[in-house]
Each structure stands twice: as C-alpha cells, then as structure tokens.
1. With θ set to phi - 60° and the Karplus curve 6.51 cos²θ - 1.76 cosθ + 1.60, what are the ³J(HN,Hα) couplings of segment 217-227 in order, to the nearest whole Hz, using x for Gly and Pro?
2. Amide H neighbours of Leu7 under 5 Å, counting only residues 5+ apart in sequence or on other chains, H built in-plane at 1.01 Å?
3. Among DSSP bridges having both ends in the chain, what percentage is antiparallel? Round to the nearest 5.
4. Taking amide H positions as placed in the peptide plane 1.01 Å from N, state which residues far from Gly227 in sequence (5 or more) or on other chains have amide H under 5 Å from it.
5. Taking the Cβ of each residue in Leu103, Leu31 as the centre, tally the other Cβ atoms inside 10 Å and list the residues starting with the fewest.
6. What ³J(HN,Hα) values, in whole Hz, does the Karplus curve 6.51 cos²θ - 1.76 cosθ + 1.60 give for segment 132-148 when θ = phi - 60°, with x put for Gly and Pro?
7. By a straight-distance test (C-alpha under 18 Å), which lysines pair with Lys373 as possible cross-link partners, with residues fewer than eight away in the same chain excluded?
8. Give me the one-decimal Kirkwood hydrodynamic radius in Å for segment 1-82, with the sum taken over alpha-carbon pairs.
Amino acid sequence: MRDVVILGVGMTNFGRFPDTPYYKLGADAILEALGDAGVEWKDIPVVYCANVNNGHCPGEMVEAELGHTGIPVINIQNACASGQTACLMAYQAIASGAYDIVLTLGVEQMPRGPVVGMPPTPSMLMGADSFVGKYAMKMQRAVYEGRYTLDQMAKVSVKNHKNACYNPRSQYKLDLTVQDIHNSRVIAYPLTLYHCCPSSEGAAALVLCSEKVARKYASPPFIKMAGGALRSQTFVRGDPADTHEITMNTAKEAYEKTGISPEDINIVELHDNFTISELEHCEELGLCGEGEGGKLIDEGATEITGRIPVSTSGGLLGKGHPMAATGVAQVCEIVWQMKGQAGQRQIKAIPKVGLSNCNGGDQGMACGVVIIKK
C-alpha cells in the first residue's frame, strides 16, 4: 500500500446561502483545493463526491460547473458519515495504486429545521422517531446515571462556539456562557437550542495523491492520510440506534490499521452534533477513560490551549453542519493546524497527528474515523 499525501485543501464558508446553488459551492471548494495543491482541473482523473440532500448525480452537477472533462464521478451517500466515507474511498484508490491523484468533495444544501437527512415520517413529526428526541433522552439518561451534568454538556457548547469565533469560515460566532446554553429555547427537554448543531450549507474538498506525484508539486515533509476505518452498526440490545459500540469499534480498527494509538493524537475534530456527543465520543475514541468525558471538559483539556484540543474549528455546533461536507471539512481543519495556518485558533504546539470522526444515520448507523499524520 502506498503513502497517501493530502496535497491541497479547500473549503467555503459554512452558513445559509439561498442564492447560491450547491454545485457553485462545490466548485468554489474544489477551485480552492486545486489552487492550494498547484494542480489544474484537467489533471484530475476522478472525483469522489459526498452528498445527502441534493438529488441525483450531485457530483456531476459540480463537475459541469467546472467544465465537463468526461471523468468518472463517484457519488456517496452515508448520512453524516458521507464525508468520511468519501475520504476513505479516495484514500484506498491512491494507496492501492488505482489512481495517482484524486479529488474528494463534500457538498451540501440542507432543508431548514432539525438535522434529519431523510423525508419526515409521521412518527418523526410526532417526535417518536427523531434525532432531537433521541439525544434528549440520551442526555436525561446520562444525568440520571451520574455520567455527566448538564453544566458539563453546556461547557462543550461554550467551548466550540468560542472556537468558532476565531474561524472566519464558521456559521455562528457567538460568545456564550453556560447559563446562555441553559436559558436558550427548549427543543426537547433538557435539550435546548445551543445544545444542538445547526443545519447548514457549504462545501469542502481535498486533493489526494501518491508521494511520487506530490514531489512534482511540493517538497517534503508532506501531510499524509494515514488511513482509517468505516463501520456500520451491530445489534445492541435495548438500543438499536446505539452510537457507543460502533464508535469504539471503528476507532479501534483505525488505530490497528494505522499503527497509531490514542496517546499519539494531538488534535481531534469529532461529531458534536449535540453537546453530549463530544463527551461520549472523547471516551469512545480513547482520548480518556470511560466515564471521564466530563472531567476532560471541566479540566479544560479539550480547549485550544489544552493537552488534546477538540473541535478547534468550532465543531458542528459552531462551524456548522452541512451534512456530507462536515467530514471533509474536519480534515481541512487538521491540515491547516498542521501547517500552522489556523490563525487565532492555532494550537501552540503544531500537531503531528490528528483524528477526524463522524457518525451518520440512525438504525444501521455508519461511523467513519480518518487519521492524518505529518
């Protein structure tokens, strides 16, 4: 298997752009990634396009915006894990020798309202089968079991919105307090507005290539995609939509495949779709022991100045969550941090190893973990 270099990255602002079609957002992200890599569009032989909400052949629509070249476009839909899936498929194409250079794109325009990624069913509209209902119950259960407090969950939102204030591409730049989180509009008790990520629009892109190709455009050392893992759900009695086991198993497989351990990780971009998710995923990814996610946020360990910064971009909570673009954007953030190009949110000790994680869907859930190294 060949090494896979991340030669260029690009990303639009995240937000709401009613006058800009998704294929224009996708084209803008691609052009930035190509410019960063020093590569021309005509030199790209294949595109892996992640998209959930924008109908048939979204990647071809983006390709048409840039100019038809006749290349294959592989469209990927795996809910919130779509971006990770596209990254891992592109990684495999380079590592296996199928292609020497590829482009990965995540692009999304989303309907307003709660993140669902699928047409609403009657049970969903009644609140019996919805993400917000599910996560409200997860929060209630965590408090009842004494695993986390509502204050600890609120601190995740405070941290990530603060980080988003330093990110010019983020959707929301809000200076919040724990009390602001508690006092925001109730969505599904105890879940309030600022415990939830927004639904967003935007795009992110990567140019990946072999090291031989990378040397034609740049000089080493290179930032590389070390690998990762993608898994689907297994049956968990009492919780058919469990996120705990799948995230642990996916992370374990990613660590085994790359030879990298949780102790090696210097920066993490994870799936903070709701505040409780960050606390749980920190444990499941091995960043701390089981039951220690609350302690991690209380100690400030996950701050930009902490020992294991989490969601320096602002995360889904602050940066925004254009579903399929999120996983690709997470890789962009890690690359910028490794290049020392993250501006006010730059980690003082330049990270050498980073991890990106997204979970997608409900029953039959997908989970992706991508590891990047310098």
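1. Working through the residues one at a time gives 10, 8, 10, x, x, 9, 8, 10, 8, 6, x Hz.
2. Residues meeting the criterion, in which the H sits 1.01 Å from N, are Val207, Leu208, Cys209.
3. Of all bridge pairs located within the chain, approximately 70 percent are antiparallel.
4. The list, which skips near neighbours in sequence, is Ile371.
5. Values: Leu103 31, Leu31 15.
Starting with the residue having the fewest Cβ neighbours, the order is Leu31, Leu103.
6. 5, x, 4, 6, 5, 5, 4, 5, 4, 5, 4, 5, 4, 7, x, 6, 9
7. Filter leaves Lys212, Lys224, Lys252, Lys257, Lys339, Lys348, Lys352.
8. Details: mean 1/r = 0.0730 Å⁻¹.
After inverting the mean inverse Cα-Cα distance, the result is 13.7 Å.
Values quoted throughout were computed directly from the atomic coordinates according to the rules given, and no laboratory measurement underlies them. All values derive from a computational prediction rather than experimental measurement. All Cβ positions, glycine included, derive from the backbone under ideal geometry; neighbour counts span all protein chains shown.
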